[in-house]
1. Taking residue 101 and the conditions (1) in contact with a helix residue (DSSP H, G or I) (Cβ under 8 Å, 6 or more places away or on another chain); (2) open to solvent by less than 50 Å² (accessible area, probe 1.4 Å), which numbered condition does it fall short on, given that it satisfies the others?
2. Within the stretch 132-140, identify whether any single residue is without any contact (Cβ under 8 Å) to a residue 40 or more places away in the chain and more than 15 Å from residue 98 (Cα to Cα), and answer yes or no.
3. Suppose we keep only residues that are among the acidic types (Asp, Glu) and open to solvent by less than 80 Å² (accessible area, probe 1.4 Å) within the stretch 64-93. Which one would you say is farthest from the chain's Cα centre (by Cα)?
4. For the stretch 104-127, which positions are open to solvent by 60 Å² or more (accessible area, probe 1.4 Å), under 35 Å from the mean Cα position of the chain (by Cα) and touching a residue at least 12 places away in the same chain (Cβ under 8 Å)?
5. What are the pairs with Cβ atoms under 8 angstrom where one residue, in the stretch 37-51, is in a loop (DSSP other than H, G, I, E, B) and the other, located anywhere, is hydrophobic (A, V, I, L, M, F, W, C) and open to solvent by less than 90 Å² (accessible area, probe 1.4 Å)? Sequence gap at least six, or different chains.
Amino acid sequence: MLGKIASNVPTLSLNGGRLVVLIAAVVLIISLAMQGFYTVSEGYRAVILRNGSLVGTAEPGFGLKIPFMDTVVKISVRDNIARLELPTYSFDQQLATTRISISYRIISDKVDEAFSRYGGEQGIVERLINPKATEGFKETFGKYTASLAIQEREKLGADVNTRIIQNIEGPVVITSVQIENIDFSSQYEHSVEERMLAQVLVEKEKQNLAKERVLAEIKVTQAKAHADAIEAEAHAEAEAIRLKGEAEAKAITARSEALKNNAALIELVTAEKWDGKLPTTMIPNATVPFISTK
């Protein structure tokens, strides 16, 4: 019995070794199969390297490669943003810390150039976008005084956008450049606040002066109108007196002419005014009033 068991031991060992070899072979085949294909997602492109040398590019989807020889490097062709914080001097030598954002996109059919020249997206940002953007921004910002950069922020942003886009050439498209923030030194900002406060006071004084001038003009106008009214009233009154005097003079003249031309009219007027009574007291040798009865 023991002999039979002993005789079977090598056979079992041999079968176990075959099983291990078989499992190893299956694992190797599966590994080779997995190493033989790749996938590229939408928004990416891939470069194929064979033993470190670029041999081709790949579009989104499923692809095959030579196991252990080919390497697939995926590169994003989506819109991305690079941000820079730059210490920059204005035209009047005012130091400003400026933060800008650069929207860019690697050109999909130039991913081979992006990899061969810059090593991929990070290399493009660090070796192409950042240096060229810094150069273009400082050159443009240096043409503006500090106050002008603040007052004409929109124009400065447009000039920076144009300059940086023109300055960057390569396997990348710059879609826009935005100035996110501009910080001047605390001393300069304090001086700006003081100037603005002074300007506000000046404008206030100008408004007060203009208000006083208007009020003075109103008073002058009112006084002139009052004087004109008094003068007009005086003229009217004088004219009325003159007309009245002329009328009375004409009446007196007419009455005198009538009395002169008709002596009997005098007696008539005297008779009309006499009440018919003789004086009660007479002065000696005085004449007695009488009326002609003719």
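The values are calculated or read from the model by the stated rules, or taken from the named source; none is laboratory data. Small disclaimer: the values here were computed from a predicted structure and weren't measured. Virtual Cβ from ideal backbone geometry, glycine too; neighbours counted across all protein chains shown. SASA here: full protein model, heavy atoms, side chains in, ligands and nucleic acids out. Shrake-Rupley method; radii C 1.70, N 1.55, O 1.52, S 1.80 Å.
1. That leaves (1) as the condition not met.
2. yes
3. By that ranking, first place goes to 70.
4. The one that is open to solvent by 60 Å² or more (accessible area, probe 1.4 Å), under 35 Å from the mean Cα position of the chain (by Cα) and touching a residue at least 12 places away in the same chain (Cβ under 8 Å): 105.
5. 43/77; 51/69
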